[in-house]
1. When you scan segment 263-282, do you find a residue that is in the same structural domain as His208 (by the TED database) and over 19 Å from the mean Cα position of the chain (by Cα), even just one?
2. Pick from Lys146, Lys131: which is assigned by the TED database to the domain that holds Leu59 and buried (at least 21 other Cβ atoms within 10 Å of the Cβ)?
3. Since Ile64 meets every condition but one in (1) within 23 Å of the chain's Cα centre (by Cα); (2) open to solvent by less than 50 Å² (accessible area, probe 1.4 Å), which condition does it not meet?
4. Out of segment 294-322, which residues are in a loop (DSSP other than H, G, I, E, B), among the hydrophobic types (A, V, I, L, M, F, W, C) and touching a strand residue (DSSP E or B) at 6+ places or on another chain (Cβ under 7 Å)?
5. Test each condition in (1) without any contact (Cβ under 8 Å) to a residue 60 or more places away in the chain; (2) within 20 Å of Asp277 (Cα to Cα); (3) in contact with a Gly (Cβ under 6 Å, 6 or more places away or on another chain) for Gly186 and report the one that comes out false.
6. Look at segment 178-217 and say how many of its residues are assigned to a loop (DSSP other than H, G, I, E, B) and more than 21 Å from Asn155 (Cα to Cα).
7. Filter segment 106-148 down to residues that are touching a residue at least 60 places away in the same chain (Cβ under 8 Å), over 17 Å from Lys27 (Cα atoms) and among the β-branched types (Val, Ile, Thr), then give me how many there are.
8. Can you find a residue in segment 87-96 that is open to solvent by less than 20 Å² (accessible area, probe 1.4 Å) and either aromatic (Phe, Trp, Tyr) or in contact with a Cys (Cβ under 7 Å, 6 or more places away or on another chain) (or both)?
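The values are calculated or read from the model by the stated rules, or taken from the named source; none is laboratory data. Just so it is clear, the structure is predicted and the values come from calculations on it, not from any experiment. Glycine also receives a Cβ, built like all others from the backbone with ideal geometry; neighbour counts cover every protein chain displayed. For the accessible areas, the whole protein counts, side chains as well, though only heavy atoms, and no ligand, DNA or RNA atoms are used. Shrake-Rupley method; radii C 1.70, N 1.55, O 1.52, S 1.80 Å.
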Amino acid sequence: MLSNSLLQRLASWCPWLLRDEPKQPVKVLVTGAAGQIGYAIVPMIARGLMLGPDQPVMLHMLDIPAMADALNGVRMELVDAALPLLRGVVATSDEAEAFRGVNLAVLIGGWPRKEGMERNDLIAKNIAIYKSQASALQQHAAPNCKVLVVANPANTNALVLKEFAPSVPAKNITCLTRLDHNRALGQIAEKLGVHVGDVRNAVVWGNHSSTQFPDASHATVRTEHGEKPVRELVADEKWLREEFVSIVQQRGAAVIKARKQSSSLSAASAACDHMRDWILGTPKGTWVSMGVYSDGSYGVPDGIFYSFPVTCEKGEWSIVQGLQIDDFARSKMELSANELDEERSMAYEFVST
């Protein structure tokens, strides 16, 4: 007879061995799946990095007709990888087929920002895409489907999706600021020479743009002497308010300059982190940054998707309440809220014309 300790070890290594019945596959949609982020994220999902090492998945992959051959190549590679959790692959350019029955949707596909494009041009190009996907989401996805918008401008794309899928609860639509959150944790860890896993509770407020506000004032580090505030350990307010904020805000541009391409691996990893914590829950005492539909918390206007600190439990997110906001932070948060309000006005203007 197996001892309790051995059973616990088996449960941690191979949890499916101790379950009476196997889990049913979860259908996960990835749009823009033939692009760089899509190519990076689909094997992560199929290996259990999003939903856990015992959760089978069926991957639905969508891309535009011009990318059909490349998308089929991704499908072939998934087959060739012989991934035990992968129960099937749908690779299509048809939105209805892609969205049919999906439980989770990671929307990476969108009109990319090209040289010389202004933000309003980008919004105009993406409205048609997200209006169409909203219709497919509403008509074909499984009930209570949860959606993560990755394509930029992510916050406003999420708003367009919400407006054109009125039967989908606003709480089921989120946008990605976890990449910025992870970048903030990484910069703090490098500054202090600690492991990033020991840093927690940074916040990214606002828009996924250069107006975002990475905030380390509530962050802590696990040390041999207990949990310590980052502010105390860094002891350099100028770095926290200027260099740290600027590095995180401009990190995407720095990656493009170094790599000649935009962030892909880190974006895919962040999207997995976002969905994993949303579905499986955040660790106790830890919050993460998610772009969610504002309810007026912290004085942020209603009706925009704004990045807040959130905790997640049983598939639901909740905005962390009661954090102290000083005048410096307030000014940065308002700047990003104002930008999102302008983007909302632009989006509504394009919709009405």
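1. At the first step, the residues of segment 263-282 found to be in the same structural domain as His208 (by the TED database) are 263-282.
Still in the running and over 19 Å from the mean Cα position of the chain (by Cα): none.
Among the residues of segment 263-282, not one is in the same structural domain as His208 (by the TED database) and over 19 Å from the mean Cα position of the chain (by Cα), which makes the answer no.
2. Numbers: Lys131 fails: buried (at least 21 other Cβ atoms within 10 Å of the Cβ).
Criteria check complete, one pass: Lys146.
3. Tallying (1) within 23 Å of the chain's Cα centre (by Cα); (2) open to solvent by less than 50 Å² (accessible area, probe 1.4 Å), Ile64 fails exactly one: (2).
4. Once the filter is applied, which keeps residues that are in a loop (DSSP other than H, G, I, E, B), among the hydrophobic types (A, V, I, L, M, F, W, C) and touching a strand residue (DSSP E or B) at 6+ places or on another chain (Cβ under 7 Å), segment 294-322 yields Val300, Val320.
5. For Gly186, the failing item is (3).
6. Residues of segment 178-217 that are assigned to a loop (DSSP other than H, G, I, E, B), as a first pass: 193-195, 201-202, 207-212, 216-217.
So of that shortlist, the ones also more than 21 Å from Asn155 (Cα to Cα) come out as 193-195, 201, 216-217.
Residues meeting the conditions: 6.
7. The number of residues fulfilling the criteria is 2.
8. The answer is no; no qualifying residue exists.
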